[in-house]
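Everything on this sheet refers to the single structure shown next.
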Amino acid sequence: MFFRTKKVLHELDVDFGDGQSIEFVFTRPHPATVSVRQASAEEEQLGYKKYTAFCTVNINLVASAEATAMFESLANNKLPKGSKKPDRWDDSIDQSGEISPNYVVPLHLLPDVAQNLSNDAYQKMSVLASNTLTILRWRYGLTGTHNPVRAGGLAEWSFDSEHWNPLPTSTSVEMLALRHLKVTAERNAEVVALAEGKMNEPLAHALYREAWEQRMSNPRSALVLGMVAAEVGFKQCVGELLPEARWLVDNVPSPPIVSMIRNYLPLLPTKLKINGVVAPPPKEIIRSLQRIKN
């Protein structure tokens, strides 16, 4: 089966000559091509800059007979056997499983075999595009952001690489609870006093904000910054609660953060206690920190 997707890239310092694309051809582990080009005139009319680069990835994967049969059903605008029933408010798929033309079927409705093939194809195309471009930039000293891909487009699949169908996809939404602070006269006066006293946000908090900001665009950097923020914050906490230990925690190599939080934190003379004792963070947080460190 054939799969393809188009991605919008960050600015790429490559000479495309007379507007022709640059094509990288791969034979292993799967036959594939990565084609890079500048924005076309039509894309410029849509608002893209002339120097914007686009990347198209084509890949050929061997599908099992079971998966092939399921995609044949999709090509005939019919949900494959074993699919889940659509939501009642989804009028693009009727209760008999008939799919409206050009409708992108939600991935979660399909059987696991079809889901696995769709996810595998999209992941392989994304990794191939990213690896090809990062190697190109690294090998020839080109500048650019950590992730060369700025945005990904919908993927497609085909049996003959001529007639294409939308690849089933899944969507997700991140919902964050926002807290609106009421600035009372007391809080106003406190902020003024701290600012006049040349107080700044603690370094650990600033690092955490940077990590949170990068969690989607640079997840690896975000994890590293988050762990640094936790270690710096814990040391600052120890220095505040035990001034006599400040020099040691600032200058002597510390045990792993997980060990300090789990074993040393309960020994600190904190101002607030839970049921009369100093409790470490919940086990879920400690397990998360342990997984990151490993």
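The values are calculated or read from the model by the stated rules, or taken from the named source; none is laboratory data. What you see is a predicted model; the values in this text were computed from it and never measured. Backbone-built Cβ (ideal geometry, glycine too); neighbour counts: all protein chains shown. Note: accessible area is taken over every heavy atom of the protein model, side chains too, but ligands, DNA and RNA are not part of it. Shrake-Rupley method; radii C 1.70, N 1.55, O 1.52, S 1.80 Å.
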Open item on the list: Given the criteria closer than 30 Å to Asn147 by Cβ, in a helix (DSSP H, G or I) and in contact (Cβ under 8 Å) with a residue 24 or more places away in the chain, does Ala230 qualify?
Closed with: yes
- [ ] Say whether the condition of being touching a Cys at 6+ places or on another chain (Cβ under 7 Å) and aliphatic (A, V, I, L, M) is met by at least one residue in region 171-182.
- [x] no
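Please go through region 224-244 and give me each residue that is under 24 Å from Gly276 (Cα atoms) and not aromatic (Phe, Trp, Tyr), ordered by number.
Of everything in region 224-244, those that are under 24 Å from Gly276 (Cα atoms) and not aromatic (Phe, Trp, Tyr) turn out to be Gly233, Lys235, Gln236, Cys237, Val238, Gly239, Glu240, Leu241, Leu242, Pro243.
Considering region 237-255 alone, what residues qualify as being assigned to a helix (DSSP H, G or I), touching a residue at least 12 places away in the same chain (Cβ under 8 Å) and touching a helix residue (DSSP H, G or I) at 6+ places or on another chain (Cβ under 8 Å)?
Val238, Val249, Asp250, listed by residue number.
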Open item on the list: Going through Ala204, Ala222 one at a time, which residue ends up being in contact with a Cys (Cβ under 9 Å, 6 or more places away or on another chain), open to solvent by less than 80 Å² (accessible area, probe 1.4 Å) and assigned to a helix (DSSP H, G or I)?
Closed with: Ala204
- [ ] Please specify each residue of region 256-280 satisfying the condition of being in a loop (DSSP other than H, G, I, E, B) and open to solvent by less than 40 Å² (accessible area, probe 1.4 Å).
- [x] Leu268, Thr270, Val278
TODO: Only residues that are at pLDDT 85 or above and open to solvent by 70 Å² or more (accessible area, probe 1.4 Å): list them for region 1-14, please.
DONE: Arg4, Lys6, Asp13
Open item on the list: Name the residue that is nearest to Met125 (Cα to Cα), counting only residues in region 26-36 that are open to solvent by less than 60 Å² (accessible area, probe 1.4 Å) and without any contact (Cβ under 8 Å) to a residue 60 or more places away in the chain.
Closed with: Thr33
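Here's the yes/no breakdown for (1) open to solvent by 90 Å² or more (accessible area, probe 1.4 Å); (2) in contact with a Leu (Cβ under 7 Å, 6 or more places away or on another chain):
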{"position": "Asn102", "(1), (2)": "yes, no"}
{"position": "Pro106", "(1), (2)": "no, no"}
{"position": "Thr132", "(1), (2)": "no, no"}
{"position": "Arg139", "(1), (2)": "yes, no"}
{"position": "Val149", "(1), (2)": "no, yes"}
{"position": "Gly153", "(1), (2)": "no, no"}
{"position": "Asn165", "(1), (2)": "no, yes"}
{"position": "Thr184", "(1), (2)": "no, no"}
Open item on the list: Any residue in region 267-294 that is at negative phi sitting within a Cβ distance under 8 Å of a residue that is in a helix (DSSP H, G or I) and among the charged types (D, E, K, R)? List the pairs, counting only those 6 or more apart or interchain.
Closed with: Pro280/Arg262; Ile286/Arg262
Open item on the list: Against the definition (in contact with an Asp or Glu (Cβ under 7 Å, 6 or more places away or on another chain) and either loosely packed, with under 13 Cβ neighbours inside 10 Å or among the acidic types (Asp, Glu) (or both)), how does Thr171 come out, yes or no?
Closed with: no
Open item on the list: Just the residues that are loosely packed, with under 14 Cβ neighbours inside 10 Å and at positive phi, please, taken from region 78-100.
Closed with: Gly82
Task: Subset of region 46-60 (residues that are more than 17 Å from Gln20 (Cα to Cα) and surrounded by 18 or more Cβ atoms within 10 Å (Cβ to Cβ)) - done: Asn58, Ile59
